[in-house]
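Notes follow the structure.
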Amino acid sequence: MSTTPSTSASLPADVRVGVIGVGQMGADHVTRIRDRIKGARVSVVTDYFTDKAQEIADTVPGARVVDTPEELIAADDVDAVLIASPGKFHRDQAIACIDAGRPVLCEKPLAMNPEDAYQVVAAEQASGGQYLSLGFMRRFDRGYAELHDAISSGELGEISIVNCKHRNATTLPGFVDSMMVYDSAVHEVDAIHYFLDEPITAVQAILPVPGPRADEGQHDPMLLLFRTASGRIVTDELYVNTASGYEVRTEVLGSKGIATIGQESGRVTTHLEGSRWGGEIPGDFRPRFIDAYDAEVQAWVAAVAAGTNVADRSARAWDGYLAAAACEAAEKALTADGFVPVDTRERP
Ligand code: ISE
């Protein structure tokens, strides 16, 4: 924690956050911490593109730029690290934070394959501490949290089937089938682990006729079927080039009830000049999940300030490993017939 005196004797000092990577997501987090998060401030920023790092640091009073992630992790004016660099750097940067005893919130994915993700799990285990929070922000979305609590409290009874839909308006060029798995479906994979509290054991891919905006060789839309350890089935319909809006829905079929989230009807207005209901469908995931990201970062900052480092609802290194293992099987399933088993190691 900061040794700089706070403005009021009764207030604890802010958690000083170092941000690695200030592209779209990292820059969003810097603004979030500056404008909406209590008890934290961005103190140090780094990015491969130093001009970009400086541009973003200039938006935060007192923030400075360093040249490398290593310098940032070791800096005296950093209490906790937020990793928002490209996924291929996450493993090494997360392990460096753990080795340095720095609490870290790492954006998904934890690593690019299960073995690399397992190395992060093993590093944290060897440290004897708890340092890593993984940025599966949907766990902090109100609808997701309510659904999770309705399932775990038994309110919905025995769950047999979960139906998920994941729709993006557009994707960047080169968003090949494996990215639909590792970048998009990975959110449903984590949601399954979060909701059902058991691992995915097998995955099947069903590839219909491609839609009108699918790139050459891309299977968009795509249907993934997941089977969990106790035999529940989850369907995940991915359609990443709808050319319309961002929609994420989940429906859970239980023996006592069926619950659906993600289909808000928006504001209802009865008015002399005409009554209506309805709202806006956002264009991408950032406005859709802005409250979830805010809640995730706020909960992380509170956990760091309290010395526990990881918020109760947060995904951890092991969740990142399970997600990577399920995604690896899903990628294999794209070219296989039937269900492909998920290969997972014992939890250390
Ligand atoms: C993106 O990286 C995300 O994380 C979004 O939540 C997801 O909807 C999108 O498909 C991904 O590309």
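The values are calculated or read from the model by the stated rules, or taken from the named source; none is laboratory data. The shown structure was predicted, so the numbers you read here are calculated from the model rather than taken from an experiment. Using ideal geometry, Cβ is built from the backbone for each residue, glycine included, and neighbour counts are taken over all protein chains shown. The area values use the complete protein model at the heavy-atom level, side chains included, leaving out ligands, DNA and RNA. Shrake-Rupley method; radii C 1.70, N 1.55, O 1.52, S 1.80 Å.
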As computed over region 127-187, the Cα convex hull volume per residue (Å³): 176 Å³
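Sorting Glu71, Glu280, Glu264 by accessible area (1.4 Å probe), largest first, what list results? Present the calculation step by step, with values, prior to reporting the outcome.
Working: Glu71 85, Glu280 175, Glu264 140 Å².
The residues order as Glu280, Glu264, Glu71, largest area first.
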Gaussian network model of the chain, Cα within-10 Å springs - most flexible of Pro221, Pro61, Pro86: Pro61
Whole-number accessible area per residue in Å² for the chain, which is evaluated in the context of all protein chains at 1.4 Å: 47 Å²
Reachable aspartates and glutamates from Lys256, criterion Cα separation under 13 angstrom, eight or more residues apart if same chain: Glu155, Glu158
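Please report, as a whole percent, how much of the solvent-accessible surface of the chain comes from carbon and sulfur atoms (probe radius 1.4 Å). Mind showing how you got there, number by number?
Working: 8370 of 16400 Å².
Using a 1.4 Å probe with all protein chains present, the chain comes out at 51 percent carbon and sulfur.
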Viscosity 0.692 mPa s, 37 °C: Kirkwood-radius Stokes-Einstein D of region 7-151 over Cα pairs, µm²/s: 207 µm²/s
Centroid-to-centroid separation of region 57-125 and region 249-277 [C-alpha atoms, Å]: 39 Å
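Stick to the Cα atoms of region 60-132, pair each with every other, and give me the Kirkwood hydrodynamic radius in Å at one decimal.
Working: mean 1/r = 0.0794 Å⁻¹.
So the Kirkwood estimate lands at 12.6 Å.
Please list Leu147, Leu225 from largest to smallest accessible area, probe radius 1.4 Å, with all protein chains kept in place. Walk me through the numbers before you get to the answer.
On the way: Leu147 5, Leu225 30 Å².
Per-residue accessible area, sorted high to low, gives Leu225, Leu147.
Using only helices, what value at 222 nm comes out for the chain when you add -39,500 (n - 2.57) per DSSP H run of length 4 or more and divide by the total residues, to the nearest 500 deg cm²/dmol?
On the way: 10 runs with 110 residues, N = 348.
Using -39500 (n - 2.57) per qualifying helix, the result is -9500 deg cm²/dmol.
Write down Rg/Rh for region 231-293, rounded to two decimals, with Rg from the C-alpha atoms and Rh from the Kirkwood relation over Cα pairs.
Working: Rg = 15.6 Å, Rh = 14.6 Å.
Computed over Cα atoms, the ratio is 1.07.
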Alpha-carbon Rg/Rh ratio, for region 152-216, with Rh computed the Kirkwood way: 1.04
Enclosed volume per residue, in Å³, of the convex hull spanned by Cα atoms of region 194-348: 196 Å³
Rg over Rh [alpha-carbon atoms, Kirkwood Rh] for the chain: 0.98
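For region 109-153, just run the numbers: alpha carbon Rg, then divide by 2.2 N^0.38 Å, N being how many residues it has. Could you put the intermediate results ahead of the total?
On the way: Rg = 14.2 Å, N = 45, 2.2 N^0.38 = 9.3 Å.
Cα Rg divided by the expected 2.2 N^0.38 Å: 1.52.
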Residue-level accessible surface for Thr46, protein heavy atoms, 1.4 Å, Å²: 0 Å²
Volume in Å³ per residue [convex hull over Cα atoms, computed for region 38-88]: 90 Å³
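Can you give the charge dipole size of region 209-261 about its Cα centre, rounded to the nearest 20 debye, using +1 on the beta carbon of Lys and Arg and -1 on the beta carbon of Asp and Glu? Could you put the intermediate results ahead of the total?
Working: 5 positive and 7 negative charges, 79 e Å.
Using Cβ point charges on Lys, Arg, Asp and Glu, region 209-261 gives about 380 debye.
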Within straight-line cross-link reach of Lys52, aspartates and glutamates at Cα separation under 14 Å, skipping those fewer than 8 residues along the same chain: Asp28, Asp67
Cβ-based charge dipole, region 48-177, positive-most Cα from Pro69, Phe49, Ala169: Ala169
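May I ask you to rank Trp300, Trp318 by accessible area, largest first, using a 1.4 Å probe over the protein chains only? Mind dumping the intermediate values first?
Working: Trp300 5, Trp318 30 Å².
The ordering from most to least exposed comes out as Trp318, Trp300.
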Reduced Cα scattering model of region 248-338, Debye log10 I(q)/I(0), q = 0.15, 0.24 Å⁻¹: -1.01, -1.15
Cut-off 11 Å between beta-carbons: net charge of the residues surrounding Met222, Lys and Arg +1, Asp and Glu -1: -4
Distribution of pairwise C-alpha distances over region 162-256, 10 Å bins, in %: 16, 50, 27, 7, 0
